[in-house]
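Worksheet: the structure to be examined is printed underneath.
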Amino acid sequence: MKSYISKPARKIYGQFVPPGDKSISHRAIMLASLASGTSKIANFLKADDCLRTMDAFCAMGVSIVRERAGQVTIKGSGFNGLKSPSTPVDLGNSGTSMRLLLGILATQPFRVVLTGDASLSSRPMKRVTAPLRKMGAKISGKDDANYAPLEIEGGHLQGITHLNEPASAQVKSAILLAGLRASGKTIVREPNMSRDHTERMLEMVGAPIHRKGIEIEISRAERLCAIDYQVPGDISSAAFLMVAAALLPNSDLLIQKVGLNPTRIGILEVLSQMGAQIKWTMDATKNQIEPVGTVHIRGSQLRSIPIDGEMIPRLIDELPILMIACALARGKSIISGAKELRVKETDRIKSMVTGLNAIGGKAEEREDGCVIWGVERFSGGRVVSHGDHRTAMSFSIAGLNSKDPVTIEDIDCVGTSYPSFFDHLEMLSQK
Ligand code: S3P
């Protein structure tokens, strides 16, 4: 297992384009595979999670060609052209692949076994399998289909009305994808709005989907149109260097071509409320499915604010790096309503609080979040990633603001979402 030594830095300086959005890359492969015709996807994220989704559709007979840098050509099979894969489909560490694929497989008249690594096999799946069973799919697996390996056999489905509580984009997406082929209407309601990439992309491919605020309705589709689509940069990946720049005085960082979907920009709003010098502007491109733009951030002293409520789903993946920001902000930060963090790639409340205390921060776990008392800088030390990419990247940023280096053990996991992270970090940090 590889480790990384993150050393103190003076500032973050320069500009960069973050890698393609992970959530959108998964969805682009899925919908293009189900479409009738040839789709072209540019800036696809070539990271392990998305490649698992791609391999799954290749195993079901879809022709997918990876061209030059990030360009992918997909000959869609239509709804009726997928074939039963000859072996179990291994989805590695990717929760998005497993949950969304379950929704698609619920519509297919063949049997598939989905497996994953130890982390994915310990993540709860009943939130998806229960509503899909209600729609008519046959699914089995440990603890009443709560854990992978999961065996699924789909077929004729009936639409349902589902309350998506707590708000989860993966659950919502799985049900909408199943609803694409169900009889009658399928309706999903959320208490707060989770990321809406699936809805936007379903509109783009011509699916009969209607949105009224936090309620989404979908009816059966007979075909989907092929797409020609450029994936925006991933704001969740950009968040690491964004926070690094916010924390180091004299930093000046420009992040370009980054996705600025309103359901994903909680990180910008919270950093701004914490006193960061941050500005974001949308690029003026017409007919954009997803807003894209530029974020400019300079270093300053941050102050604590409460992080909770409707904001949580809009920055769920950024909470680990925000915990680093809170640990160096003036005052006491309370993060609550974020129990979902306990069932991510690892228990992120535990991994982050333990790591913060190991490097000279001061934090305490709560059932649904944590309390963090700001310190001037970290003292340094050793942390483990627990195989979680966002924990590993967060502590790599912590090391920049530390008296002595921070060593992060087990960094291979960073390849699941941001393979060029350490190159970008080295390129932009000045010692
Ligand atoms: C994702 C949704 C989020 C997020 C995950 C990716 C997606 O999870 O944490 O990393 O692509 O739909 P939820 O299902 O909890 O919203």
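Overview of values
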quantity	calculated
Enumeration of residues in the range 280-316 that are among the small types (Gly, Ala, Ser) and in contact (Cβ under 8 Å) with a residue 24 or more places away in the chain	Gly293, Gly299, Ser300, Ser304, Gly309
Scan of the range 338-365 for residues that are open to solvent by 50 Å² or more (accessible area, probe 1.4 Å) and within 22 Å of Gly309 (Cα to Cα), ordered by number	Lys339, Arg342, Lys350, Glu364, Glu365
Qualifying residue in the range 140-163 (condition: within 12 Å of the ligand (Cβ to nearest atom), under 24 Å from the mean Cα position of the chain (by Cα) and outside any loop (DSSP other than H, G, I, E, B))	no
Filter result (without any contact (Cβ under 8 Å) to a residue 40 or more places away in the chain and surrounded by 23 or more Cβ atoms within 10 Å (Cβ to Cβ)) within the range 317-337	Leu319, Ile335
Cβ pairs under 8 Å, 6+ apart, first in the range 166-190 and within 15 Å of Lys212 (Cα to Cα), second of a type in the set (D, E, K, R) and within 8 Å of the ligand (Cβ to nearest atom)	Val188/Lys172; Glu190/Lys172
Residues within the range 246-303 that are under 28 Å from Arg200 (Cα atoms) and not hydrophobic (A, V, I, L, M, F, W, C), tallied	22
Yes/no for Gly116 being within 16 Å of the ligand (Cβ to nearest atom) and in contact with a strand residue (DSSP E or B) (Cβ under 9 Å, 6 or more places away or on another chain)	yes
Every pair of residues 6+ apart whose Cβ atoms lie under 9 Å, when the first sits in the range 264-279 and is on the phi > 0 side of the Ramachandran plot while the second is not in a helix (DSSP H, G or I)	Gly275/Ser300; Gly275/Gln301; Gly275/Leu302; Gly275/Arg303; Gly275/Ile305; Gly275/Ala329; Gly275/Arg330
The one condition in (1) within 14 Å of the ligand (Cβ to nearest atom); (2) hydrophobic (A, V, I, L, M, F, W, C); (3) open to solvent by less than 20 Å² (accessible area, probe 1.4 Å) that Leu302 fails to fulfil	(1)
Count - residues of the range 378-431 that are without any contact (Cβ under 8 Å) to a residue 40 or more places away in the chain and among the aliphatic types (A, V, I, L, M)	3
Every residue from the range 169-205 that is in contact with a helix residue (DSSP H, G or I) (Cβ under 6 Å, 6 or more places away or on another chain), open to solvent by less than 10 Å² (accessible area, probe 1.4 Å), farther than 17 Å from Leu102 by Cα and within 11 Å of the ligand (Cβ to nearest atom)	Ser194, His197
Matching residues in the range 116-168 - criterion: being open to solvent by 60 Å² or more (accessible area, probe 1.4 Å) and among the aliphatic types (A, V, I, L, M)	Ala118, Leu163
The lone exception for Leu241 - which of (1) at pLDDT 95 or above; (2) over 28 Å from Asn43 (Cα atoms) it fails	(2)
Breaking point among (1) more than 20 Å from Thr53 (Cβ to Cβ); (2) part of a strand (DSSP E or B), for Pro109	(2)
Residues (on the phi > 0 side of the Ramachandran plot and within 16 Å of the ligand (Cβ to nearest atom)) located in the range 332-368	Gly337
Complete set of residues in the range 390-415 that are within 8 Å of Ser6 (Cβ to Cβ) and of a type in the set (Lys, Arg)	none
Filter result (touching a residue at least 60 places away in the same chain (Cβ under 8 Å) and β-branched (Val, Ile, Thr)) within the range 208-253	Ile227, Val231, Ile235, Val243
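The values are calculated or read from the model by the stated rules, or taken from the named source; none is laboratory data. All figures in this text were calculated on a predicted structure; none of them were measured in a lab. Neighbour counts run over all protein chains shown; Cβ positions are idealised from the backbone, glycine included. Heads up: the accessible areas ignore ligands, DNA and RNA and are worked out on the full protein's heavy atoms, side chains in. Shrake-Rupley method; radii C 1.70, N 1.55, O 1.52, S 1.80 Å.
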